[in-house]
Amino acid sequence: MKFSSALITALLLLVSPAGAQIWPERTVRLVVPYPPGGNADVVGRVIARALQNELGQPFVIENKAGAGGLIGAESVVKSPADGYTLLLSANGPILYAPEMAPRKPYEWRRDLTPVGTISLTSLVLLVHPSLPATSLREFIDLARREGAKLTFGSGGPGSSNHLFSELMQSRLNLNWTTVQYKGTAPAMNDLVGGHVQFSIDQVSASLPLIRDGRVRAIAVSGSRRVPWLPDVPTFVELGYGDLVGYTFAALMAPAGTPKDVIEKLSGALRNALRDPQVAEQINALGAEPAAMTPQEFKAFLEKEDATWLPIVRKAAQTQ
């Protein structure tokens, strides 16, 4: 019996996996490894609505906080690799927290698949108004004179602001006293109260305090100035090209998720971030929409590893 090529093609389509042709057929969970209300959570809710519009199925946020984000991230690693459970996270649970844990629960290269970035948020060096430093040069000079007398309010071991402080000390050959808090919010409260002399925070979170004059912004960590603080220079333009850092929000999938599902999801994510309304909502949070492909995001993570893992491991030894 002879079959036409068209019939053979049709039969192959019937018996082969549909993959991204039918995904998603049901609700997709976006696990955010933090409590509600944080930057990643809020950005996540914006992008969840946008992905639902793009793909026609509900995308729901599931907050699963604890252990510096390890609990939520590990739950995704252990989920079926079918595209219905994804990790929506910032830097910490992907890059830093596993290195600082007594038991390394997962490794992003082995256990997760990059989907794409959603946003990038610069950090900003902040000082109490009473500190006699109005520029980065004055701050560095003060830090050299004061040494361990200068106190830094950290959002906790392994947090982005803690690690950027460690990077500054390493690159600038400085040494100050780090006071660890259970989160950036209490650290900033003590900075405003004058109990510590400086801190580092996301631009998005610190804007109200800067605008009210309760803290002074010295420099931002991105590669270019941010539109919300046009008068605040970057470390790069001040001559410190190796002091660059962002808090990112991004999507990761369990390792083994079908490639066609990853590509369909990544394409939908990039389409969503091109929507002016979505971009405006993310900008309103003090973040910048950033749509990387899976390949670009993987290369970005490799570069972040090279910069931050030596800092993370050194910080872990002192805890």
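Of note:
- Failed item in (1) under 24 Å from the mean Cα position of the chain (by Cα); (2) within 30 Å of Q281 (Cα to Cα); (3) of a type outside the set (F, W, Y), with R171 passing the rest: (2)
- The lone exception for D231 - which of (1) among the acidic types (D, E); (2) within 24 Å of G147 (Cα to Cα); (3) surrounded by fewer than 19 Cβ atoms within 10 Å (Cβ to Cβ) it fails: (2)
- Failed criterion for P294 (all others in (1) touching a residue at least 12 places away in the same chain (Cβ under 8 Å); (2) under 30 Å from F139 (Cα atoms) hold): (2)
- Looking only at the stretch 136-147, residues that are more than 22 Å from M188 (Cβ to Cβ) and of a type in the set (G, A, S) come to 1 in all.
- Among the residues of the stretch 83-121, just one is under 18 Å from the mean Cα position of the chain (by Cα) and basic (K, R), namely R109.
- Test: V244 is within 30 Å of Q169 (Cα to Cα) and not acidic (D, E): yes
- Number of the condition not met by N189 [criteria: (1) touching a residue at least 60 places away in the same chain (Cβ under 8 Å); (2) assigned to a helix (DSSP H, G or I)]: (1)
Values quoted throughout were computed directly from the atomic coordinates according to the rules given, and no laboratory measurement underlies them. These figures come from a predicted structure and were not determined experimentally. Don't worry about glycine lacking a Cβ; one is built from the backbone with ideal geometry, like all the others, and counts go over all protein chains shown.
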